[in-house]
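The values are calculated or read from the model by the stated rules, or taken from the named source; none is laboratory data. Not measured: the values here are computed from a predicted model. Note: ideal-geometry Cβ built from the backbone for every residue, glycine included; neighbour counts use all protein chains shown. Protein only, heavy atoms only, side chains kept; ligands, DNA and RNA dropped before computing areas. Shrake-Rupley method; radii C 1.70, N 1.55, O 1.52, S 1.80 Å.
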Amino acid sequence: MVDEKAVQKAVASIITAIGEDPAREGLADTPKRVAEMYTELFAGISMDPIAELKKGYELGHREMVILKDIPFYSMCEHHLLPFFGVVHIGYIPDISGRVVGISNFGRIVEIFARRPQIQERMTTQIADAIVEGLQPQGVGVVIQAEHLCMVMRGVKKPGTNIITSAIRGSFRKNAASRAEFFSLIQNGK
Ligand code: ZN
């Protein structure tokens, strides 16, 4: 749980430290607003993604399932600035054909995004959670994202995407499955 009182105090200190006036009209309520916002943006810290995958699954689908362009917004843990983009997930269900709905995957993505994050870890965490919660034969996760800590500070040009991927199980062992996954997430864009 986010300690909103502590965040308020800290934000007021930052406002003073950067040479601004925390009592100025536009800034007076900023510590309170930021604290409330952090409660929302960091809600994923105390949530369990595995529980989300274990509820409401259905059986009987044995072919590859692709979920493309799941939007997300996260906070880079190095600078506490947003990074955002889309997540693509592909998996081949276990032999009983266990699958969950698109909303469950959206929740998984949100639980991992609403934490101080780095894109690489978020990618592997989503893949590993799907392995643990659904025990599919294989899973692949690709994240394409833009990082404000790069574009705002002029390190990279705006619009530059960072792409990360994690593959597990049969996607790692079987080149055909892996190729099918990468081709399906690229097509139909
Ligand atoms: Zn950063």
(Q) Going through His78, His88 one at a time, which residue ends up being farther than 22 Å from Leu184 by Cβ, more than 10 Å from the chain's Cα centre (by Cα) and at pLDDT 95 or above? (A) His78
Q | Selection from the stretch 14-63 of residues that are among the β-branched types (Val, Ile, Thr) and without any contact (Cβ under 8 Å) to a residue 60 or more places away in the chain | A | Ile14, Ile15, Thr16, Ile18, Thr30, Val34, Thr39
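Okay, residues lined up against (1) modelled with pLDDT under 95; (2) not aliphatic (A, V, I, L, M):
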position	(1), (2)
Tyr38	no, yes
Ala43	no, no
Asp48	yes, yes
Glu58	yes, yes
Glu63	yes, yes
(Q) Can you say whether Ala129 is touching a residue at least 12 places away in the same chain (Cβ under 8 Å) and either within 18 Å of Cys76 (Cα to Cα) or in contact with a Phe, Trp or Tyr (Cβ under 7 Å, 6 or more places away or on another chain) (or both), as far as the supplied structure shows? (A) no
Q. Quick one: in the stretch 61-91, which of the residues that are under 12 Å from Arg114 (Cα atoms) and not hydrophobic (A, V, I, L, M, F, W, C) is least open to solvent (accessible area, probe 1.4 Å)?
A. Ser74
Q: May I ask you to list the residues in the stretch 5-50 that are open to solvent by 90 Å² or more (accessible area, probe 1.4 Å) and either among the polar types (S, T, N, Q) or closer than 30 Å to Asp128 by Cα (or both)?
A: Glu40, Ile45
Q: Determine, yes or no, whether Ile167 is open to solvent by less than 70 Å² (accessible area, probe 1.4 Å), within 21 Å of Leu81 (Cα to Cα) and not in a helix (DSSP H, G or I).
A: no
Q. Just for the stretch 133-168: of the residues that are free of Cβ contacts under 8 Å to residues at least 60 places away in the same chain and small (Gly, Ala, Ser), which one is farthest from the ligand (Cβ to nearest atom)?
A. Gly138
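Conditions tested, residue by residue: (1) open to solvent by 60 Å² or more (accessible area, probe 1.4 Å); (2) closer than 20 Å to Phe72 by Cα.
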{"site": "Gly138", "(1), (2)": "no, no"}
{"site": "Cys149", "(1), (2)": "no, yes"}
{"site": "Met152", "(1), (2)": "yes, yes"}
{"site": "Thr160", "(1), (2)": "no, yes"}
{"site": "Phe171", "(1), (2)": "no, no"}
{"site": "Phe181", "(1), (2)": "no, no"}
{"site": "Asn187", "(1), (2)": "yes, no"}
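May I ask you to list the residues in the stretch 77-132 that are assigned to a helix (DSSP H, G or I), within 16 Å of the ligand (Cβ to nearest atom) and over 16 Å from Met47 (Cα atoms)? Spell out how you get there, then give the answer.
First pass over the stretch 77-132, keeping only residues assigned to a helix (DSSP H, G or I): 102-113, 119-132.
Add one more test, that the residue is within 16 Å of the ligand (Cβ to nearest atom), and what stays is 113, 119-123.
Gln119, Glu120, Arg121, Thr123, listed by residue number.
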Q.
So for the stretch 138-154 (the condition being acidic (Asp, Glu) and either farther than 20 Å from Ile70 by Cα or not in a strand (DSSP E or B) (or both)), does at least one residue qualify?
A. no
